[in-house]
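The values are calculated or read from the model by the stated rules, or taken from the named source; none is laboratory data. This structure is a prediction, so every number in the text was calculated from the model and none was measured. Note that each Cβ is placed from the backbone with ideal geometry, even for glycine, and that neighbours are counted across all protein chains shown. Calculation scope for accessible area: heavy atoms of the full protein, side chains included, ligands and nucleic acids excluded. Shrake-Rupley method; radii C 1.70, N 1.55, O 1.52, S 1.80 Å.
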Amino acid sequence: MTSLTAEDAEALYEMALRFDTERKHLSFPEYHGRLPNLVEVSQRLSGLGELLTEVSDEVLFRATAPEQTESQRQTVGVFTAAAAHVRQAIRLVSDAHYHLAVPQGTVGGPDAPDRAESATVAGERLDEARLAILTGGFLLHRAAEQQSLLSSRAARSRSALPGLPRSSGQASAARPAHSPAPASSPTSRHRR
């Protein structure tokens, strides 16, 4: 992976944390075999819709740049892969949503599924949705961590003195122990 800009790496990391939060929201307390109710699952479905919008906005922000950089192209690729997992989770939670309505008598008629079976299906779909969000979050975390490893390797190679091994403690002696950190201007993310 080509080195990403700090801004793109930070965006990936922030979105990974957002995926982690959404996955936790999909973890419902399982005591006495209780499934979440329609209100809880409706809220989670809404949250997943917001997450998909956020990921899409990140893609849009980079895809509409006048001159797209390699960092932006790679970041778009990671975000679109993560978005596919959100879409899968939305489909699964939507199915669970429907099956949770069956035991409450909301869905009826001759074609209505069996109530006990619907409860089982709803639980399975929610588990699968959690896995989809976990996988999407993993992709984001991995991309951000790879960038972090690349940055730390580059920093080590720049700080090594010629003729000294990079792991040598002498390499760090080139700079005084109490020298101030180099000034850097923080990059501001453009929010949409």
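Brief remarks on what is shown
- Residue check, residue 10 within 27 Å of residue 145 (Cβ to Cβ) and open to solvent by 60 Å² or more (accessible area, probe 1.4 Å): yes
- Once the range 63-101 is narrowed to residues that are of a type in the set (D, E, K, R) and touching a residue at least 12 places away in the same chain (Cβ under 8 Å), the residue that is surrounded by the most Cβ atoms within 10 Å (Cβ to Cβ) is 95.
- Where a residue in the range 37-60 is within 18 Å of residue 93 (Cα to Cα) and its partner, wherever it lies, is of a type in the set (S, T, N, Q) and surrounded by 14 or more Cβ atoms within 10 Å (Cβ to Cβ), with Cβ under 7 Å and at least six apart: 45/94
- Cβ-Cβ contacts under 6 Å between residues 6 or more apart (or on different chains), taken from a first residue in the range 112-129 that is crowded, with 18+ Cβ neighbours inside 10 Å and of a type in the set (Lys, Arg) to a second residue that is assigned to a helix (DSSP H, G or I) and modelled with pLDDT of 90 or more, are listed as 125/92; 125/95; 125/96.
- Each residue in the range 47-74 was checked for being among the polar types (S, T, N, Q) and at pLDDT 95 or above, and 2 of them qualify.
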